[in-house]
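Notes for the one structure printed next.
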Amino acid sequence: MKSWNYRVKICVVGCGAIGSRIAKSITKDLKKDCRISGLYDIDRKKVDKLAKSINVEKKYLNSDLDKLIKNSDCVVEAINGPNTRDIVKRAIKHKKSILVMSVGKILEEEKLFNLARKNKCYILLPSGAIAGIDAIKAASLAKIKKINLITRKPPAGLTGNPYFAQKGINLNRLKKETVVFNGNVREAVKHFPQNINVAATIALAAQSLNKLNIKIVTSPKYKSNSHEVEVLGDFGTIRALTDNVPCPDNPKTSYLAVLSGIQTLKQYCTGILIGT
Ligand SMILES: NC(=O)c1ccc[n+]([C@@H]2O[C@H](COP(=O)([O-])OP(=O)(O)OC[C@H]3O[C@@H](n4cnc5c(N)ncnc54)[C@H](O)[C@@H]3O)[C@@H](O)[C@H]2O)c1
């Protein structure tokens with residue numbers, strides 16, 4: 001990883017729960033190694049509120065996105081809309097590295113990965129809200145036979161998704177533990193674009209989209225998001241359980257995902273990589 005002789009310039013795209021907390025960390029815990037060179041969101045009010053709370057100069061706010069990217073070293077993508085691919089492409093075209101939180105949106109974007117390789121920039125994919133990605137990356141260098149992921153979420157963490165209406169599932173009426181999805185990673189990211197980034201991260205870490213089976217389970221008794229992953233391969237077996245506390249700013253997002261994004265950025269800026 002590149003070593004920098006100045007504070008790395010970071011443009012944060014998406015100033016919601018994750019983007020705001022990453023931006024705050026850049027100006028606090030990571031301030032020795034990096035600084036904000038852009039804040040961007042389709043909701044201008046969010047940019048202004050965040051900029052005010054962390055003292056970011058006006059010239060770095062919501063101007064032309066390409067201009068902000070050009071004047072940065074690295075972009076952080078933390079949006080909840082369909083434009084992730086476009087933002088990643090713009091960053092790479094300008095030869096800038098990008099940390100992507102919405103991993104499910106770039107699951108099969110081989111062309112983007114190749115362009116990043118050609119333009120010598122990094123696509124940084126944090127582990128997010130799940131433990132075990134470090135070991136899965138190593139295990140993928142030998143044969144992986146099977147991966148099972150069971151994601152448990154309270155109904156409130158799944159609401160607003162048209163998938164449930166299509167399947168005739170009323171989340172408010174469920175009385176007991178219910179499997180609401182059982183399928184592969186392509187179907188999972190298609191139906192749950194906001195909820196199952198960890199499945200995409202596992203598939204990319206394992207370098208296999210076909211060996212991963214995902215179950216999404218909900219129950220009125222669940223209070224938090226948890227992910228249980230089991231991997232069987234030549235290396236042996238991994239079993240990892242992550243019981244997450246929700247992020248106070250967005251109950252659909254786990255706090256660990258935010259911390260994982262910040263840690264990945266720190267590793268990029270300091271050049272010290274720990275794990276795998
Ligand atoms: N990798 C993981 O483990 C993991 C975990 C949790 C969330 N996520 C993903 O991270 C992303 C952000 O999560 P969050 O909790 O911060 O969401 P959020 O809803 O709190 O914030 C998203 C922000 O993006 C903005 N936005 C939407 N479209 C935009 C666009 N085209 N350009 C600029 N801004 C735009 C919204 O206005 C909002 O402020 C989501 O896609 C979520 O699925 C990943």
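The values are calculated or read from the model by the stated rules, or taken from the named source; none is laboratory data. Computed from a prediction, not measured in an experiment: that's the story for all the values here. When we count neighbours, we look across all protein chains shown, and the Cβ atoms used for this are built from the backbone with ideal geometry, even at glycine. The area values use the complete protein model at the heavy-atom level, side chains included, leaving out ligands, DNA and RNA. Shrake-Rupley method; radii C 1.70, N 1.55, O 1.52, S 1.80 Å.
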(request) May I ask you to list the residues in segment 74-95 that are over 15 Å from the mean Cα position of the chain (by Cα), surrounded by 22 or more Cβ atoms within 10 Å (Cβ to Cβ) and charged (D, E, K, R)? (result) none
(request) Output the number of the condition that Ile18 fails; it satisfies all remaining conditions of (1) part of a helix (DSSP H, G or I); (2) closer than 20 Å to Pro126 by Cβ; (3) hydrophobic (A, V, I, L, M, F, W, C); (4) open to solvent by less than 10 Å² (accessible area, probe 1.4 Å). (result) (4)
(request) Taking Arg44 as the residue in question, decide whether it is over 24 Å from Lys190 (Cα atoms) and at pLDDT 95 or above. (result) yes
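Every residue, every condition in (1) outside the structural domain of Ala17 (by TED's automatic domain parsing); (2) in contact with a strand residue (DSSP E or B) (Cβ under 7 Å, 6 or more places away or on another chain); (3) surrounded by 15 or more Cβ atoms within 10 Å (Cβ to Cβ), yes or no:
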| site | (1), (2), (3) |
| --- | --- |
| Ser53 | no, no, no |
| Leu99 | no, yes, yes |
| Asn114 | no, no, no |
| Ile144 | yes, yes, yes |
(message) Checking the conditions here, which among Asn172, Asn71 is closer than 21 Å to Lys9 by Cα, open to solvent by 70 Å² or more (accessible area, probe 1.4 Å) and among the polar types (S, T, N, Q)?
(response) Asn71
(request) Filter segment 175-210 down to residues that are assigned to a loop (DSSP other than H, G, I, E, B) and open to solvent by 40 Å² or more (accessible area, probe 1.4 Å), then give me how many there are. (result) 8
(message) Of the residues Ser20, Ser3, Ser25, Ser37, only one is under 12 Å from Leu265 (Cα atoms) and touching a residue at least 12 places away in the same chain (Cβ under 8 Å); which?
(response) Ser25
(request) Output the residues belonging to segment 247-276 that are touching a Gly at 6+ places or on another chain (Cβ under 7 Å) and modelled with pLDDT of 95 or more. (result) Ala257, Ser260
(request) Return only the number of the condition from (1) more than 15 Å from the ligand (Cβ to nearest atom); (2) in a strand (DSSP E or B) that Lys59 does not satisfy. (result) (2)
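Quick grid of which residues meet (1) more than 30 Å from Arg173 (Cβ to Cβ); (2) of a type in the set (Phe, Trp, Tyr); (3) open to solvent by less than 50 Å² (accessible area, probe 1.4 Å); (4) in contact with a Ser or Thr (Cβ under 9 Å, 6 or more places away or on another chain):
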{"site": "Asn213", "(1), (2), (3), (4)": "no, no, yes, no"}
{"site": "Pro220", "(1), (2), (3), (4)": "no, no, no, no"}
{"site": "Phe235", "(1), (2), (3), (4)": "yes, yes, no, no"}
{"site": "Ser254", "(1), (2), (3), (4)": "no, no, yes, yes"}
(request) Could you list, in sequence order, all residues of segment 260-276 that are farther than 14 Å from Trp4 by Cα, in contact with a helix residue (DSSP H, G or I) (Cβ under 8 Å, 6 or more places away or on another chain) and not in a loop (DSSP other than H, G, I, E, B)? (result) Gly261, Ile262
(message) Checking Ala131 against (1) closer than 22 Å to Leu212 by Cα; (2) open to solvent by 10 Å² or more (accessible area, probe 1.4 Å); (3) touching a helix residue (DSSP H, G or I) at 6+ places or on another chain (Cβ under 7 Å); (4) in contact (Cβ under 8 Å) with a residue 40 or more places away in the chain, only one condition comes out false. Which one?
(response) (3)
(request) Write out, first by first residue and then by second, each pair whose Cβ atoms fall under 6 Å of each other, whose residues are 6+ apart or on separate chains, and whose first residue, in segment 184-204, is at pLDDT 95 or above while the second is among the hydroxyl-bearing types (Ser, Thr, Tyr) and more than 12 Å from the ligand (Cβ to nearest atom). (result) His191/Tyr163
(request) Name every residue in segment 89-108 that is within 15 Å of the ligand (Cβ to nearest atom) and either within 15 Å of Thr201 (Cβ to Cβ) or outside any helix (DSSP H, G or I) (or both), in order of residue number. (result) Ile98, Leu99, Val100, Met101, Ser102, Val103, Gly104, Lys105, Ile106, Leu107
(request) Have a look at Phe113, Phe164 and point out the one that is away from the ligand (no atom under 15 Å from the Cβ) and within 30 Å of Ala23 (Cα to Cα). (result) Phe113
(request) Among the residues of segment 256-276, write down those that are closer than 17 Å to Ala129 by Cβ, open to solvent by 70 Å² or more (accessible area, probe 1.4 Å) and not polar (S, T, N, Q). (result) Leu259
